[in-house]
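In what follows, a structure is listed as structure tokens, so that the remarks can point back to it.
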Amino acid sequence: MKKITLILVVLLLGACDSGLGTFPGAGDTDSDTDTDSDTDSDSDTDSDTDTDPDTDCTETGCLNVPLDECDDDTHLVNYTGGSVCIDGTCEYEFNIEACGFECEVGDDGEDDYCKDTPCDGVVCDEIPEDECIGEDLYYYSHYTAEGATGECDEEGMYTPEPGDCFFSPYFFPNCGAGDCIVVAGGNDYCDCFGEICDDPPDSSCEDLIMTEYAPVGNCGSSGCSYAEYAYICTTCEVVPGGDDICHAS
């Protein structure tokens, strides 16, 4: 009987040493260190490690499908939502989509995407500097003064490439009687006998006709002059010390 008991003890000890293998995707590393606080004479401590295999890859992020991302300028990596856990690493299904136009990087936390048109997402708010070309002045500062932006040229009719921004300048051939002055690193300007023609009269009402002036003027032999534009108003609001306001309805 003693021999049989000894053999059983040896077999049980051997089973405890073998343990359980780590499964792919295992992420459960908690240790059970609870103490048996029974009031009986049994005061042993349970210090075994929980090696139960964790085969649920959702805990390692497999449900967190990556954002779509540009592979290059004209291709998009489109993650379809499928996923699989391989050797503890999440693999996600994806397609490579060829963009009809450019692949655009999305805002933080948002997918990259293929543009529907060359102008999709383009904001034309980088106003060119006023520029002398020969003796001609191309004036763009009216955009800044009006808080305006340029237009995206979808077809490339006015710009070198589709999707480029187009700004329409006021054009002053030969600056009239003045001189076009080049300013390094700044806005060029037309010198009209020591004056810059960028201070037009305020718009003004007379009865229901409002006269508005161009934001920049022409330089003639007698100095600056400004083109006039007349508008018919339903009511005309007079603003002391400022531009009068034409109300069309």
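Worth a mention:
- Looking across the range 78-99, the residues that are among the hydrophobic types (A, V, I, L, M, F, W, C) and either under 10 Å from CYS114 (Cα atoms) or not in a strand (DSSP E or B) (or both) come down to ALA98, CYS99.
- Pick from the range 82-130, criterion closer than 24 Å to GLY150 by Cβ and β-branched (Val, Ile, Thr), ranking: modelled with the highest pLDDT: ILE127
- Qualifying residues in the range 62-77 (those that are assigned to a loop (DSSP other than H, G, I, E, B) and of a type outside the set (S, T, N, Q)) - the one surrounded by the most Cβ atoms within 10 Å (Cβ to Cβ): ASP68
- Condition check for ALA145: more than 23 Å from the chain's Cα centre (by Cα) and in contact (Cβ under 8 Å) with a residue 40 or more places away in the chain: yes
- Just one of the listed residues (PRO215, PRO240) is touching a helix residue (DSSP H, G or I) at 6+ places or on another chain (Cβ under 6 Å), assigned to a loop (DSSP other than H, G, I, E, B) and on the phi < 0 side of the Ramachandran plot, namely PRO215.
- Residue in the range 148-161 that is farthest from ASP120 (Cα to Cα), counting only those that are over 21 Å from the mean Cα position of the chain (by Cα) and open to solvent by less than 70 Å² (accessible area, probe 1.4 Å): THR159
- Every residue from the range 228-237 that is in a strand (DSSP E or B) and either free of Cβ contacts under 8 Å to residues at least 12 places away in the same chain or over 20 Å from PRO215 (Cβ atoms) (or both): ILE232, THR235, CYS236, GLU237
- The set of residues in the range 183-203 that are modelled with pLDDT under 90, of a type in the set (Asp, Glu) and surrounded by 15 or more Cβ atoms within 10 Å (Cβ to Cβ) contains only ASP198.
- The residue of the range 200-212 that is nearest to SER141 (Cα to Cα), among those that are touching a residue at least 40 places away in the same chain (Cβ under 8 Å) and either assigned to a strand (DSSP E or B) or among the β-branched types (Val, Ile, Thr) (or both), is SER204.
- Residue list for the range 127-158, filter: more than 25 Å from CYS70 (Cα to Cα), touching a strand residue (DSSP E or B) at 6+ places or on another chain (Cβ under 9 Å) and in a loop (DSSP other than H, G, I, E, B): PRO128, ASP130, GLY134, GLU135, TYR140, THR149, GLY150, MET157, TYR158
The values are calculated or read from the model by the stated rules, or taken from the named source; none is laboratory data. Because the structure is a prediction, the values reported are computed rather than measured. For neighbour counting, all protein chains shown are included, and Cβ atoms are generated from backbone atoms with ideal geometry for every residue, glycine included. Quick note on the areas: whole protein, heavy atoms, side chains included, nothing else; ligands and nucleic acids left out. Shrake-Rupley method; radii C 1.70, N 1.55, O 1.52, S 1.80 Å.
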